[in-house]
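The values are calculated or read from the model by the stated rules, or taken from the named source; none is laboratory data. No experiment lies behind these values; they were computed from the predicted model shown. No Cβ is skipped: glycine too gets one built from the backbone with ideal geometry, and neighbour counts run over all protein chains shown. Just the protein is used for accessible areas: all its heavy atoms, side chains included, with ligands, DNA and RNA removed. Shrake-Rupley method; radii C 1.70, N 1.55, O 1.52, S 1.80 Å.
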Amino acid sequence: MTDQHAHADTAQRADSDALPVPAPSPPHATELLLEVGERKILQFEQKKKITAIAELVWNSLDANATSVVVELRRNETGAITEIVVTDNGHGITPKRARESFREYGASWKATKTHTAGNKRILHGRLGEGRLYVFALGNEFVWDSVALVDGKPVATHITADVHRATKWHVGEPTATTAGPGTTVRIRVPDDRRLRPLEASDAAANLTAKLAFYLKAYPEAVVEYDRVRLNPDEIMEASRDLPLELPEEYAQDSPAPYITFVEWKERMTDRKMLVCNSDGIALTEYGDDWTDTVVSFTPYLRSNRFNDLAIADLHMLTMTHSPLLDAATKAIRDHLRERNKEIETQVVRQLKDEGIYPYGADNPSPTQEVERRTFDVVVTVARNALPQRGTARRLSVNLIRSALERGPGDLQKILNSVLSLNDEDRGNLARLLDRTELSDVIGAAATVANRLDFIGGLRKIFASDQLREELKEVDELHPMISQNLWLFGEEWTLARPEVGLTGVLRAHLGLLGEDAALETQLNTVRREDGRSGRVDIVLFRGIGDERSTERLVIELKRPSVIVGRKELDQVKSYARAIIDNPQYRGTKTRWSFYLVTYEFHDQILRDIRQQGRPDGLADHQPEYDVWVKSWGEILDAAERKLSFFQRQLNYEATDERVTQHLVASYERYIPESLRPADSGSLAANGLLPDPATATETHRDNVDA
């Protein structure tokens, strides 16, 4: 980076920089053509905003400034209209201005390691620093005062984005002001500089200047009325040794990473490549993101002390082994720190008596949930209430949500805990890419299915609830959302559009009360209430080799299926199979006649020797089954029995009722619904506050 300020040591004051002070008339401006293409200059428009501010501050610090003030000037609506950077450094002499603003990459610092008088380490040598103004605005002014022959001389420099290669340097004028430079950047109305106004803007700038400010406490930098103080935002700092490649093994001192943790979240998180003093020279790689630790890694090596412009741009080629070693050290340390912090958080919750898991030997699913809880509560640790009932309730809400699955967890984090958007996003990605989410999700699915089975048993076993149950508005939507009852492969299947017309054409064979599921919105009585019909569900799945189709007729619980109903379904099946659209195709059909009760007269049809129970008609292209709800629910429950034992889960009456209310309140009989159906607790979305603090789990050990 080039500096905007001249080197003011005594040896240089007697050189040709000593120019005569002109008479006090309007100064003549010299137009300089920057010797580089406009495209190269305008690339700086894409630089990060905080990085651009940092470059201007570095230029001031390299000029031995002890005070650097960055002002964000705003209009009455709060929009930034001007950025002003003021310092008390040694300023820009007219000669330096003409040299530096003419030649790209030219800098008086290119051959030096320390500032004037050897007071401080120099930061920039690339001759690019002034060009970062293009990232911030469209018109730029430098007003600088420097000593020439011991007398203060003012220099006025202007530029704008529309003529990026042309810079105007005014003739020197006498002044009584002290040395220093003020840079003014006009911000156009359509330019948005949100990163400069973000809550972490000052912290991000501090991170870039941290070791310099600690090394030179006399240098004071103020950003938007906030003094930058690394000690205020540093949580911890640790030097990490590297597994050095052979070519770096003899370096003395050896390259290493300084790993700095911050008290607040940073948005700029690239690794900073530094000289051996920790002065940041450039950024490397992508942003580091971590759900637990906010940090900045500084790679420090004396190999970077005197790099030329081209060298810094070629780091990935010239020092790739060192950069890889640094990346590995950061990753390994992050893994250790995550575990350390997680252990601390869990220990604190245990000490407070609010850790929601006991010390007993957990089942495998309990252990998975506990591990996930530890991760989540560690990420959310800063958003948890600090004390009291609110803290205890938040911890139990996280656990309760985990029992249901990651979806409910996100609801809790969004509505109860004050996690910022980034932390919520990081946590969601963490859960998505770990096996813990899958295991908990699977366990929650098993528990929900067991609850659903128990809920249907409760409805079918009660004469009152069976009578209240409406097929169109209640039974059908519940069953259509749970087609796993007829086979897992139908879980994601949807009604097959092309099948609708063929089914409708033969629907009369099932009787006047039968209706396809796609026609249910038309099945209404004159008073607007749902009609009593037998519903036909249909699904299709398959690929280029073969297709399976499932057709289910749901008979009303009041219908006792006998010979008439069975013959209707058989004739319906044959009519569809014989339809020219399907004749000769590689399709296997299953027709299910589902009822609460069937007549003894069809027992011989559905209990034939050599056939599975319920198979009433077996043909090369199709099967017709008669199934009672008791048989269907029993078969589904047996499939889940292994998981049920692993979960140690019992679908109690209270649990199944709560599940029906929480998941299917619109579809269950009125007498099952709670009085306060609008409350979260009543719907099972949140635990009852009276029991929320219990550490004994009364739900699925998922």
Self-check item: Which numbered condition Glu232 misses (of (1) acidic (Asp, Glu); (2) at pLDDT 90 or above; (3) not in a helix (DSSP H, G or I))
Solution: (3)
Quiz item: Does Asp360 satisfy the condition of being at pLDDT 85 or above and more than 19 Å from Thr258 (Cα to Cα)?
Solution: no
Self-check item: Extreme residue, modelled with the highest pLDDT, among residues of region 24-39 that are open to solvent by less than 70 Å² (accessible area, probe 1.4 Å) and not polar (S, T, N, Q)
Solution: Ala29
Quiz prompt | Enumeration of residues in region 61-82 that are open to solvent by 30 Å² or more (accessible area, probe 1.4 Å) and among the hydrophobic types (A, V, I, L, M, F, W, C) | solution = Val69, Ala79
Quiz prompt | Criterion: part of a loop (DSSP other than H, G, I, E, B), crowded, with 20+ Cβ neighbours inside 10 Å and either in contact with a strand residue (DSSP E or B) (Cβ under 6 Å, 6 or more places away or on another chain) or touching a residue at least 60 places away in the same chain (Cβ under 8 Å) (or both) - qualifying residue of Leu272, Leu307, Leu299, Leu244 | solution = Leu307
Self-check item: Hits in region 607-619 - residues which are in contact with a Lys or Arg (Cβ under 9 Å, 6 or more places away or on another chain) and over 16 Å from Tyr572 (Cα atoms)
Solution: Asp613, Gly614
Quiz item: Just one of the numbered conditions (1) open to solvent by 30 Å² or more (accessible area, probe 1.4 Å); (2) touching an Asp or Glu at 6+ places or on another chain (Cβ under 8 Å); (3) under 15 Å from Leu509 (Cα atoms); (4) not hydrophobic (A, V, I, L, M, F, W, C) is not true of Arg556; which one?
Solution: (3)
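Residues are listed down the side, and each one gets a yes or a no for (1) within 20 Å of Ile479 (Cβ to Cβ); (2) surrounded by 14 or more Cβ atoms within 10 Å (Cβ to Cβ); (3) among the charged types (D, E, K, R); (4) modelled with pLDDT of 90 or more:
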| residue | (1), (2), (3), (4) |
| --- | --- |
| Lys564 | no, no, yes, yes |
| Asp578 | no, no, yes, no |
| Arg588 | no, yes, yes, no |
| Phe591 | yes, yes, no, yes |
| Glu597 | yes, yes, yes, no |
| Gly610 | no, no, no, no |
| Tyr622 | no, yes, no, yes |
| Lys627 | yes, yes, yes, yes |
| Ser641 | no, no, no, no |
Exercise. Within region 486-498, track down each residue that is more than 36 Å from the chain's Cα centre (by Cα) and under 21 Å from Lys627 (Cβ atoms).
Key: Phe486
Quiz item: So which of Thr182, Thr176 is among the hydroxyl-bearing types (Ser, Thr, Tyr), at pLDDT 90 or above and over 19 Å from Val85 (Cα atoms)?
Solution: Thr176
Quiz item: Are there any pairs with C-beta distances below 8 angstrom linking a residue in region 445-471 that is over 14 Å from Gln481 (Cα atoms) to a residue that is small (Gly, Ala, Ser) and in a helix (DSSP H, G or I), with the two at least 6 apart or on different chains, and if so which?
Solution: Phe460/Gly630; Gln464/Ser671; Leu465/Ser671; Glu468/Ser671
Practice problem: Restricting attention to region 588-618, report how many residues are in a strand (DSSP E or B), of a type outside the set (Phe, Trp, Tyr) and under 25 Å from Ala461 (Cβ atoms). | Solution: 4
Exercise. For region 154-211, name all the residues that are β-branched (Val, Ile, Thr), surrounded by fewer than 21 Cβ atoms within 10 Å (Cβ to Cβ) and in contact with an Asp or Glu (Cβ under 6 Å, 6 or more places away or on another chain).
Key: Thr165, Thr182
Practice problem: Collect the residues in region 42-75 that are over 16 Å from Tyr212 (Cβ atoms) and out of contact with any strand residue (DSSP E or B) (no Cβ under 7 Å at 6 or more places or on another chain), keeping them in residue-number order. | Solution: Leu42, Gln43, Phe44, Glu45, Gln46, Lys47, Lys48, Lys49, Ala52
Quiz item: Just for region 252-269: of the residues that are open to solvent by 30 Å² or more (accessible area, probe 1.4 Å) and not aliphatic (A, V, I, L, M), which one is modelled with the highest pLDDT?
Solution: Tyr256
